[in-house]
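Below: the structure, in structure tokens.
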Amino acid sequence: MDENIGPDERVFRADLDKGPFLSGADRGRWRLISVEWPVVIIAVSASERPDAPGEYAFRLDCAGYPQVGPTAQLWDAEQNGPLPPAKWPGGKFRVPAAFRTDWQGGTCLYLPCDRISINGHDNWRHQHPEMIWSPDKDITLYLRTIYDLLNSSDYTGLRSS
């Protein structure tokens with residue numbers, strides 16, 4: 001491995017080669033698109049819905065990993081820019097609560113594992129302990145949380161549909 005990379009990138013890249021990430025990738029739950037440290041683009045698959053994509057890309061800022069959890073936003077991998085809100089995942093309750101266009105300008109997900117969203121939400125530590133980031137976690141905590149939302153009965157497809 002390149003000796004010029006920092007410890008956060010080294011740990012992240014090692015996690016990509018471990019069972020939890022590889023298992024999710026093998027099952028088609030997610031796929032790595034790119035790593036341009038500290039930015040990582042990963043696509044997470046979604047349940048089939050009419051006129052909706054089979055996956056959504058996320059731009060994750062992983063600076064400080066794993067001591068600091070990632071933060072992510074929906075991403076248009078082809079245009080290399082933020083995904084327009086009309087193309088965001090829609091749903092009944094949980095999905096629109098997580099993918100909020102009004103939260104931080106759509107630059108992060110409203111999830112307990114997101115390093116930006118956890119700020120000011122101390123109650124989440126007790127309400128959702130399984131989704132709280134800690135240095136002993138790996139990127140699959142964040143990816144599984146997204147995957148579970150996009151493959152739940154709450155997910156209805158594109159927000160604009």
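The values are calculated or read from the model by the stated rules, or taken from the named source; none is laboratory data. Everything numeric here is computed off the predicted structure, so don't read it as measured data. As a convention, Cβ positions derive from the backbone with ideal geometry for all residues, glycine included, and neighbour counts pool all protein chains shown. Accessible surface is based on the protein model in full, side chains and every heavy atom, while ligands, DNA and RNA are left aside. Shrake-Rupley method; radii C 1.70, N 1.55, O 1.52, S 1.80 Å.
Computed values, structure above
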read-out	value
Set P84, P70, P112, P96: member being open to solvent by less than 70 Å² (accessible area, probe 1.4 Å), in contact with a His (Cβ under 6 Å, 6 or more places away or on another chain) and not aromatic (F, W, Y)	P112
Residue that is among the small types (G, A, S) and in contact with a Cys (Cβ under 9 Å, 6 or more places away or on another chain), where the choices are A72, A52	A72
Residue within the range 122-134 that is farther than 26 Å from A14 by Cα, among the small types (G, A, S) and either touching a strand residue (DSSP E or B) at 6+ places or on another chain (Cβ under 6 Å) or loosely packed, with under 14 Cβ neighbours inside 10 Å (or both) present	no
Members of the range 1-43 found to be touching a residue at least 40 places away in the same chain (Cβ under 8 Å), aliphatic (A, V, I, L, M) and not in a strand (DSSP E or B), listed by number	V11, L16
Lone unmet requirement of (1) touching a residue at least 60 places away in the same chain (Cβ under 8 Å); (2) closer than 18 Å to I33 by Cα; (3) surrounded by fewer than 19 Cβ atoms within 10 Å (Cβ to Cβ) for Y56	(3)
Number of the exception - L83 against (1) aliphatic (A, V, I, L, M); (2) closer than 28 Å to A14 by Cβ; (3) under 14 Å from the mean Cα position of the chain (by Cα)	(2)
Cβ pairs under 9 Å, 6+ apart, first in the range 137-161 and within 10 Å of A46 (Cα to Cα), second assigned to a helix (DSSP H, G or I) and charged (D, E, K, R)	L149/R94; S152/R94; Y155/R94
Selected residue [of a type in the set (D, E) and open to solvent by less than 50 Å² (accessible area, probe 1.4 Å)] from D26, D17, D8	D8
Selected residue (only one of I118, I139 is more than 24 Å from R31 (Cβ to Cβ) and buried (at least 18 other Cβ atoms within 10 Å of the Cβ))	I118
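Here is a yes/no grid of residues against (1) hydrophobic (A, V, I, L, M, F, W, C); (2) in contact with a Lys or Arg (Cβ under 6 Å, 6 or more places away or on another chain); (3) at pLDDT below 95:
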{"site": "H121", "(1), (2), (3)": "no, no, yes"}
{"site": "R125", "(1), (2), (3)": "no, no, yes"}
{"site": "I132", "(1), (2), (3)": "yes, yes, no"}
{"site": "P135", "(1), (2), (3)": "no, no, no"}
{"site": "R144", "(1), (2), (3)": "no, no, no"}
{"site": "Y147", "(1), (2), (3)": "no, yes, no"}
{"site": "S153", "(1), (2), (3)": "no, no, no"}
{"site": "G157", "(1), (2), (3)": "no, yes, no"}
{"site": "S160", "(1), (2), (3)": "no, no, yes"}
